[in-house]
Amino acid sequence: MMPLCFPFSVFAAEGQEIHYHAADAPSEPVIYIGNTAPIMDQATYFHGILDEFEGRYSPGKSDFRWDGEAWYGTDYDRVWIRSEGTVSGGKMGDGQQELLYSHAISTYFNLQGGVRADLDDGPERTWGAFGIQGLALYQFELQATGYVSDRGRFAGRLEGSYDFLLTNRLILQPQAELNFYTKSDAARQVGSGLSDIDAGLRLRYEIWRKFAPYVAVTYAGQIGQARHIVQGQGERSGSTRFTFGIRGWF
Amino acid sequence: MSISSRSSCGLTRRRFVTGLGAGGLLGGLPANAHAFTQPMGSLPATSSANHNLRVGRTRIEIDGKCLDAPSVGGTVPGPILRWKQGDTVSINVTNDLSESTSIHWHGIRVPSNMDGVPGLSFAGIAPGETFTYRFRLHQSGTYWYHGHSGMQEAQGLYGAIVIDPRTPDPTPCERDYVVLLSEWTDVDPMDILSNLKMQDDYYTFRQRTAASFPREAKQAGSGIAALKDRLAWSKMRMSATDISDVSGVIFSYLVNGHAPDTNWTGLFRPNERIRLRFINASTMTFFDIRIPGLEMQVVQADGNDVEPISVDEFRIGVAETYDVIVQPKDERAYTIFAQSEDRTGYARGTLAPHSGMSAAIPPMDPRPVRTMIDMGMSHMKPNDSMGSMNMAGDMSGMQMSGMSMKGMGSMKMPPLKRDDPGPPPLNVENQNVAMMPVDRTGSPGDGLENTGRRVLNYRQLRATRPGADMRPPSHEIIMHLTGNMERYIWGFNGRKFSEAGPIRLKLGERVRFILINDTMMEHPIHLHGLWSELENGQGAYQPYKHTIISQPGSKLSYLVTADTPGMWAYHCHLMYHMDSGMFRTIIVS
């Protein structure tokens, strides 16, 4: 995306016209000798991160959960794969897999759009996804995504986290994910309104930047209508658990 | 606490570069004979106008880090090239690499097709090919050469150039050494850039934390004040402790290819005068240099003689050179101590009467912390200790933009043409606008303000002879240095290289460049092919430089005579800033 082109004019306080013109304003492309650009600032990069890869323990109900993403692309345009899910008692739930395209729109935010498939041991749902992702004020990581399903339903997901540096390698990270739905979907244990929360307070130690084991306290549970649905199915809704995990990226 | 765990070379090809000139002596590659007969840092006995250089990869281990380093003649640094002013030199560079290469003669005024920048000067040197550089030397002094292809420079493709003046120095020093500072890491440069794109503070392990809070509270006077400062930075989504993007976590800092523990040594006899030619050939590191126990006389900057300045310490930006003269009286060793600006490590050498001697290594200073001055918002902190200095700086900064006298009466005429981009946009590629940029040429730089030592600053640099072109500028170009640390994109005027046009100059015109640094980091700005005459208040005697440090939140200017036609590179010499967009093409025609 080309930034604002100069020249344009503004009026200074004294009423005197200032004519802005950048010496390096975009113009006819330079023909480089041997068609070699002197530097390559449009390189593509490929990274992936597993924010959560953890076992959640409590008497009688221990889960395994992952949440991660990978991207490939340039400074402006990237393709993302996001995946999260929980394996509980041999069954996989809360499996949200996404394929997104993102475009940088401001200093700290990217616009994202794509598809989400709820793939796990429950019934399958597919959604169109559209949202923003970036760094909010005071360095909060933020992701807000809206969804519309193939059945005409709407959903939303809000995710946020923050890194408190206790030392340069010991980092305390509160994190939360909230899911909203316009209509209930009992087969997926989803209720209308705020349906479920998955949150954690993770204390990680970065042995090196890309590899950090952590201990955490996590909470996962349904709220409101979803809670009634889950309880109606004879299950417990909501549990706070002691958690071990590994955060890693490449 | 190294990030990388790789540490040793393969057994069959193990080669240690630890002794004096060892790499060259052990190297199997036939190359310039001068390199092999000289210990690292010592000048070849005589100048030579003809050279055959081979660029190849050699497995080299320094400080336990092993690398197939691209280099000239199989050594890091490459051989010192000693030339003579007035000579026409001819250098055959043969590429033994499997990729294209190039050599750029940093600071040397050459025709543009000899400047060695692929795409702008020539097409590069293809594998197996030989390119002959040929140019006449109009200048003398200390310079350096380095690769300008890909990331070869970051891995070892660099070396020193010493050009003897046509008229020999009437009082030459008894000793003359090159002190070339650089970094060494076995982390691939592309991985470094990729890591920075993913996490901008990847290599920074000196950030403010809960553990450092009590100390900050004590310094700030109260916990509330310290908290407020933190919140201010956090609100801007920036870090006050961002000094160097890449740090001693992966870098070993070298003197003439020697890690601190192998201690490069320059010999002397007491009362001899020693000329030390400091060259900063690193990719990302500014060094603060001192020799405890010795006063240094700065006599040359970027190859050009300056009136001697006595200092205890000076900062050398990436790609700058400084010649200093010292005269040790005692029969003892002295440590050449070059700490990185972020204080995560140091390069170290020794001056000694006998080899094998060493002196104490001083502790590193506290790492600098950025302030609102670095953000170009000096007015927000009136009680800061630097406040008064900056008010003065502010005024001279305003003078500058309003066509200052700067020692020349003829400058009353306004320039015919002015390229002012206006304040840069806050966009994907720019994070900050310096609302109140100030003149910081009088400051030695962040972290050197209150050391109790005499530290060099730019205003002190005074050329020994008046400038060659006394015309007032007819063209003024304002360039904002911009960047987004979070995304790790750098540029000028809110654009990276691939989104900007070239800067066009008329052949022969006199141009004033005004740099406004909207970022919170220093940028060593290098203009190829033409001199940059720093407007530091020395009037007709303002210094000629090839690389100028723009301090964070600052505004400075320099004059350029566009007397050589062609396409020239203009860029920040921090390699990962250059490669993420802080680069422009200048076309003189």
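The values are calculated or read from the model by the stated rules, or taken from the named source; none is laboratory data. On a predicted model such as this, the values are computed, not experimentally measured, just so you know. In this analysis, Cβ positions are derived from the backbone assuming ideal geometry, glycine residues included, and neighbour counts consider all displayed protein chains. The area values use the complete protein model at the heavy-atom level, side chains included, leaving out ligands, DNA and RNA. Shrake-Rupley method; radii C 1.70, N 1.55, O 1.52, S 1.80 Å.
Residue-level analysis places residue B:501 among those that are free of Cβ contacts under 8 Å to residues at least 40 places away in the same chain and either in contact with a helix residue (DSSP H, G or I) (Cβ under 6 Å, 6 or more places away or on another chain) or surrounded by fewer than 24 Cβ atoms within 10 Å (Cβ to Cβ) (or both).
Checked against the criterion of being crowded, with 16+ Cβ neighbours inside 10 Å, charged (D, E, K, R), within 14 Å of chain B (Cβ to nearest Cβ) and assigned to a strand (DSSP E or B), the stretch A:104-119 has no qualifying residue.
Where residues in the stretch A:14-64 are aliphatic (A, V, I, L, M) and open to solvent by 70 Å² or more (accessible area, probe 1.4 Å), which of them is farthest from the other protein chains (Cβ to nearest Cβ)? Write out each step before concluding.
The first filter runs over the stretch A:14-64 and keeps only residues aliphatic (A, V, I, L, M), leaving A:18, A:22-23, A:25, A:30-31, A:33, A:37, A:39-40, A:43, A:49-50.
Imposing the further condition that a residue be open to solvent by 70 Å² or more (accessible area, probe 1.4 Å) reduces the set to A:31, A:40.
Details: A:31: 10, A:40: 7 Å.
Out of the qualifying residues, it is A:31.
Being polar (S, T, N, Q) and touching a residue at least 24 places away in the same chain (Cβ under 8 Å) is true of residue B:94.
Within 24 Å of residue B:106 (Cβ to Cβ), in contact (Cβ under 8 Å) with a residue 12 or more places away in the chain, among the charged types (D, E, K, R) and assigned to a strand (DSSP E or B): does that describe residue B:342? Spelling it out, it is not the case that residue B:342 is within 24 Å of residue B:106 (Cβ to Cβ), in contact (Cβ under 8 Å) with a residue 12 or more places away in the chain, among the charged types (D, E, K, R) and assigned to a strand (DSSP E or B). Note on the stretch B:574-589: among residues that are farther than 18 Å from residue B:494 by Cα and more than 9 Å from chain A (Cβ to nearest Cβ), the one that is most open to solvent (accessible area, probe 1.4 Å) is B:589. Scanning the stretch B:517-552 for residues that are hydroxyl-bearing (Ser, Thr, Tyr) and touching a residue at least 40 places away in the same chain (Cβ under 8 Å), we see that the one that is most open to solvent (accessible area, probe 1.4 Å) is B:541.
For the stretch B:480-499, what are the residues that are at the interface with chain A (Cβ under 7 Å from one of its Cβ atoms) and within 20 Å of residue A:29 (Cα to Cα)?
Taking the stretch B:480-499 and keeping what is at the interface with chain A (Cβ under 7 Å from one of its Cβ atoms), we get B:484, B:486-487, B:489, B:492-499.
Selection gives B:492, B:493, B:494, B:495, B:496, B:497, B:498, B:499.
Inside the stretch B:303-326, residues that are open to solvent by 10 Å² or more (accessible area, probe 1.4 Å) and of a type in the set (Asp, Glu) make up a count of 3.
Just one of (1) closer than 26 Å to residue A:57 by Cβ; (2) open to solvent by 60 Å² or more (accessible area, probe 1.4 Å); (3) within 21 Å of the chain's Cα centre (by Cα); (4) of a type in the set (Ser, Thr, Tyr) fails for residue A:138. It is (1). Can you confirm whether residue B:459 is within 17 Å of residue B:532 (Cβ to Cβ), modelled with pLDDT of 95 or more, away from chain A (no Cβ under 14 Å) and open to solvent by less than 10 Å² (accessible area, probe 1.4 Å)? So residue B:459 fails the test. Considering only the stretch B:84-111, state which residues are crowded, with 20+ Cβ neighbours inside 10 Å and of a type in the set (Gly, Ala, Ser). Matches in the stretch B:84-111: B:102, B:107.
Only one of A:160, A:134, A:128, A:156 is assigned to a strand (DSSP E or B) and within 14 Å of chain B (Cβ to nearest Cβ). Can you tell me which? Lay out the reasoning, then the answer.
Numbers: A:160 fails: within 14 Å of chain B (Cβ to nearest Cβ); A:128 fails: within 14 Å of chain B (Cβ to nearest Cβ); A:156 fails: within 14 Å of chain B (Cβ to nearest Cβ).
So the residue among A:160, A:134, A:128, A:156 that is assigned to a strand (DSSP E or B) and within 14 Å of chain B (Cβ to nearest Cβ) is A:134.
Just for the stretch A:68-98: of the residues that are within 13 Å of chain B (Cβ to nearest Cβ), of a type in the set (D, E, K, R) and over 11 Å from the mean Cα position of the chain (by Cα), which one is least open to solvent (accessible area, probe 1.4 Å)? Working first, answer last.
Step one: filter the stretch A:68-98 for residues within 13 Å of chain B (Cβ to nearest Cβ), giving A:69-78.
Subset that is of a type in the set (D, E, K, R): A:69, A:75, A:77-78.
Checking the rest, the ones that are also over 11 Å from the mean Cα position of the chain (by Cα) come to A:75, A:77-78.
Numbers: A:75: 7, A:77: 54, A:78: 31 Å².
That would be A:75.
Scanning the stretch A:185-193 for residues that are in contact with a Leu (Cβ under 6 Å, 6 or more places away or on another chain), among the β-branched types (Val, Ile, Thr) and in a strand (DSSP E or B) turns up nothing. Collect the residues in the stretch B:551-573 that are in contact with a helix residue (DSSP H, G or I) (Cβ under 9 Å, 6 or more places away or on another chain), within 12 Å of chain A (Cβ to nearest Cβ) and not aliphatic (A, V, I, L, M), keeping them in residue-number order. Passing the criteria: B:566, B:568, B:571, B:572. Of the residues making up the stretch B:245-283, those that are in a loop (DSSP other than H, G, I, E, B), open to solvent by 10 Å² or more (accessible area, probe 1.4 Å) and closer than 30 Å to residue B:308 by Cα number 6. Of all residues in the stretch B:352-370, those that are under 30 Å from residue B:220 (Cα atoms) have Cβ atoms under 6 Å from Cβ atoms of residues that are open to solvent by 70 Å² or more (accessible area, probe 1.4 Å) and in a loop (DSSP other than H, G, I, E, B), 6 or more apart or on another chain, in B:367/B:206.
Contact annotation: residue pairs with Cβ atoms under 6 Å, 6 or more positions apart or on different chains, pairing a residue in the stretch B:467-491 that is on the phi < 0 side of the Ramachandran plot with a partner that is modelled with pLDDT under 95 and of a type in the set (A, V, I, L, M), are B:472/B:411; B:472/B:413; B:474/B:416.
Can you find even one residue in the stretch B:216-226 that is over 30 Å from residue B:139 (Cβ atoms), open to solvent by less than 10 Å² (accessible area, probe 1.4 Å) and either without any contact (Cβ under 8 Å) to a residue 24 or more places away in the chain or not in a loop (DSSP other than H, G, I, E, B) (or both)? Scanning the stretch B:216-226 turns up at least one residue that is over 30 Å from residue B:139 (Cβ atoms), open to solvent by less than 10 Å² (accessible area, probe 1.4 Å) and either without any contact (Cβ under 8 Å) to a residue 24 or more places away in the chain or not in a loop (DSSP other than H, G, I, E, B) (or both). Please tell me if residue A:60 is out of contact with any strand residue (DSSP E or B) (no Cβ under 8 Å at 6 or more places or on another chain) and not β-branched (Val, Ile, Thr). Yes; evaluated as a whole, the condition is true for this residue. For the stretch B:159-174, the condition holds for at least one residue, the condition being that it is open to solvent by 10 Å² or more (accessible area, probe 1.4 Å) and of a type in the set (Val, Ile, Thr).
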